[in-house]
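These notes are about the structure you will find just below.
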Amino acid sequence: MQVLRTKAEFRAARRAFGALGFAPTMGFLHDGHLSLMRRAKGECGAAAASIFVNPTQFAPGTDFDRYPRAVDRDLAMLEAEGVDLVFLPEVQEIYPEGFDARVEIGGVSQGLEGAARPGHFVGVATVVLKLLNIVAPTKAYFGQKDAQQVAVIKKLVRDLDLDVEIIAAETVREPDGLAMSSRNSYLSPADRTAARVLHRALAAARDLHQKGETDADRLRSAMTAILASEGRAKADYVSVADPSTLQELETIGAQGALVSLAAQVGPARLIDNIILAPEGGPPSGD
Ligand code: AMP
């Protein structure tokens, strides 16, 4: 496995490969990240990862400075998965003196995380465009755990004619249902137990839908009530949205739904989602 710290070094090393699968990360890796690497390697024959905690997608005063880092451990995990190339740049390499561009994606970046975290998706779209240009992958892999991010990246690729296929990979969960996240490391044991409430709320929404409930507000109310029942959790939003446009739904119809939520649990802001399958489609997202 080669670890490259500059754009020039990465580009030179990449030339030795044909098809290449790529998964960008912010490090502090867990099995969710590794599932992306396995797919990249399995489907493309060669895999690249990046580890870069991107400052421009964090609002001032949020967790950029305390975001967990463990680069040596991450590199050992990537090597064990057979990853071929790792791009590990410093902030200066990505944002040199005078850097002054930003990529803004419209509609799908506005609600949900975009509304809760102003500027977040401008930071994400800008850095992902740069990483895709540097890495030049055949396919790029993103986790469905960040469902809106997948929608934003797919729109970026479509609207700006990037020559890469975007693959969304299933959310990897802990045995009790909590979606794996680097931010779970912020949780105290009591917060960790409380954090199960996110998955419980989503599971309740799915149960209601499976029993025939199509009124989106009933699903939102059920999720809100479950989140409110856990004193250590503070709901940020609950959403039942069209899976393509991410617009809030009144009725769940043939299009299915993206059911998502965000909550503060102790020091960690956690997000999760499930997809309610379109009519006739297979169940997925969990
Ligand atoms: P991050 O390091 O949090 O920026 O995540 C890097 C990539 O891993 C993103 O595409 C995430 O959506 C994905 N990812 C994070 N957590 C999970 C998970 N539990 N299951 C699947 N993919 C994940």
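A simple spin-label model places pseudo-atoms 7 Å from Cα toward Cβ; at GLU97 and ALA16 they are separated by 3.4 nm. Placing a pseudo-label 7 Å from each Cα along the Cα-to-Cβ vector at SER185 and ASP163 gives an inter-label distance of 3.8 nm.
Alpha-carbon geometry of segment 30-117: the Rg and the Dmax are 15.8, 41 Å, given in that order. Between THR214 and GLU90, what's the calculated FRET efficiency when r is the beta-carbon distance and R0 is 35 Å? Round to 0.05. The calculated FRET efficiency here is 0.10. Taking every alpha-carbon pair under 8 Å whose residues sit at least 6 apart, segment 217-272 reaches a relative contact order of 31 percent.
Accessible surface of segment 1-90, 1.4 Å probe: 53 percent of it comes from carbon and sulfur atoms.
What the Cα atoms of segment 83-150 give is an Rg and a Dmax of 13.5, 37 Å.
Under the criterion of Cα pairs below 8 Å and six or more residues apart, the relative contact order for segment 162-225 equals 23 percent. Per residue, segment 199-286 exposes 47 Å² of accessible surface when a 1.4 Å probe is rolled over the protein heavy atoms with every protein chain present. Taken along its three principal axes, the alpha carbon spread of segment 163-239 comes to 43, 35, 23 Å, from the longest extent down to the shortest.
Net length available on complete extension from ALA254 to ALA116 is 46.9 nm, with 0.36 nm assigned per residue and the Cα-Cα distance removed. Mean sequence separation of contacting Cα pairs (under 8 Å, at least six apart), scaled by the length of the chain, corresponds to a relative contact order of 16 percent.
Once both labels are positioned 7 Å from their Cα atoms along Cα-to-Cβ, the gap between ALA80 and GLU279 label points is 4.7 nm. For the set MET77, MET1, the ranking by accessible area, highest first and with no ligand, DNA or RNA atoms included, is MET1, MET77 under a 1.4 Å probe. Could you tell me whether segment 137-286 comes out rounded, prolate or oblate from its Cα gyration tensor? Rule is a ≥ b ≥ c as square roots of the eigenvalues, rounded for a/c under 1.5, then prolate if a/b exceeds b/c, otherwise oblate. Taking the square roots of the gyration eigenvalues as a ≥ b ≥ c, segment 137-286 is oblate.
Shown here: the chain, whose C-alpha atoms stretch 55, 40, 38 Å along the first, second and third principal axes, sorted largest to smallest. Loop by DSSP (not H, G, I, E, B), at most 14 other beta-carbon atoms within 10 Å: where is the longest site-free stretch of the chain for trypsin sites (Lys or Arg not before Pro)? Value returned for the longest uninterrupted segment is 103-210. Percent antiparallel among DSSP beta bridges with both residues in the chain, to the nearest 5? Rounded to the nearest five, the antiparallel share is 55 percent. When you filter the GluC sites (Glu not before Pro) in segment 5-96 for DSSP loop state and at most 12 other Cβ atoms inside 10 Å of their Cβ, you are left with GLU90. Computed over protein heavy atoms with a 1.4 Å probe, the carbon and sulfur contribution to the accessible area of segment 142-286 reaches 49%. Taking 20 Å as the cut-off, the amide N atoms of segment 190-222 that come nearer than this to a point 7 Å along the Cα-to-beta-carbon line of GLU170 belong to 199-207, 210. Projected over all directions and averaged, the alpha-carbon convex hull of segment 48-192 occupies 10.1 nm².
The values are calculated or read from the model by the stated rules, or taken from the named source; none is laboratory data. On a predicted model such as this, the values are computed, not experimentally measured, just so you know. In this analysis, Cβ positions are derived from the backbone assuming ideal geometry, glycine residues included, and neighbour counts consider all displayed protein chains. We work out accessible area using only protein heavy atoms, side chains counted, and drop any ligands, DNA or RNA first. Shrake-Rupley method; radii C 1.70, N 1.55, O 1.52, S 1.80 Å.
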